[in-house]
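The values are calculated or read from the model by the stated rules, or taken from the named source; none is laboratory data. Bear in mind that the values here come from a model prediction, so they are computed numbers and not experimental data. Because the Cβ atoms are built from the backbone with ideal geometry, glycine has one as well, and the counts that use them run over all protein chains shown.
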Amino acid sequence: GGIAMYYNKTMFREAGLEDPWELHQRGQWTWARFRQSAIALTRFEGGRPKRFGTTVPQLPAIIACVRGFGGEMIDLEANQSLLDQPGTIAAYQFLADLVWVDRAAPTPAQGANFAFTFESGKVGMVLDFMGMIPRYREVAKGFEWDVAPIPKGPAGGRTVIKGNQLVIPKNCKNPEAAWRFVKYMASQETERVLYAQIRRCFPTRKDVAYSPEYLQTDQPPYQLQAFVESVENGRILPINERWIEWINALQMETDNLFAGRERDVAVVLRRAKDKINTILSEDPGL
């Protein structure tokens, strides 16, 4: 599935802000409007934060923001990091400014111990996958919420998609039974239960994803078209054999940025790029 934006409709309404889904329908839901909304939704009392407009997305959701600004993380064919691209730097600068300039997103210290979460009603907007729906339906109480596509950036509304694969090992002892299971899991009947009813992930079958049963619901989120659009406009995660290693290296460097230990975005990303290129140049040992 793809990444969309969960938002607190009650918070938007009480702040006198236009609804993101309605702005999206008019082609006006941009990262600039996102920033304005995040600032307007944030509340401090006595110098202490009471709620934030948004949070800094975690990997891999942050890649959706990077792509909207025209950046990318790595070139899979060349096996090289692209963190020094202007679009990538601009995206991370945008997110760092939300924390340190606008004070519209919590610092790592402020967000420690889950002090500010979407489900608690203390954060107005978050970027995440469809798999969060069951949790939010269970615990996000006391306010109305919905989803909208991620904002458009200078490069448009590009986002990121990923999937979970069903694989039959080469040396499987019972390949016929395994194949029957794969076909069962990919059947219309099974996907209707998993995705149209439980809403666990995005359907792999078009006859489910575009069906009224999937798109129409009597509980939030109601605008499930947002996830359809995220898949239509998305590109796959830049996953390779060293995925875990290089995203951990990136996370270590960008943690310094969002914690305020380093404020120069270009320096942070250049350092991360060098570490990632070293990782990518090594034999994965597979």
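Only residues that are under 15 Å from Ile89 (Cα atoms) and surrounded by fewer than 20 Cβ atoms within 10 Å (Cβ to Cβ): list them for the range 257-273, please.
Glu262, Arg263, Asp264, Ala266, Val267, Arg270, Arg271, listed by residue number.
Is there any pair with a first residue in the range 29-47 that is under 16 Å from Tyr7 (Cα atoms) and a second that is part of a helix (DSSP H, G or I) whose Cβ atoms are under 7 Å apart and which are 6 or more apart or on different chains, and what are they?
Pairs found: Trp29/Pro20; Trp29/Leu23; Trp31/Gly68; Trp31/Phe94; Arg33/Leu23; Arg35/Leu98; Ala38/Leu98; Leu41/Met11.
Taking into account only those residues within the range 206-242 that are touching a Leu at 6+ places or on another chain (Cβ under 7 Å), at pLDDT 90 or above and farther than 22 Å from Leu76 by Cα, which is surrounded by the most Cβ atoms within 10 Å (Cβ to Cβ)?
Leu224
Give the range 207-231 a look and list any residue that's touching a residue at least 40 places away in the same chain (Cβ under 8 Å) and outside any loop (DSSP other than H, G, I, E, B), or say none.
Result: Ala226, Phe227, Glu229, Ser230, Val231.
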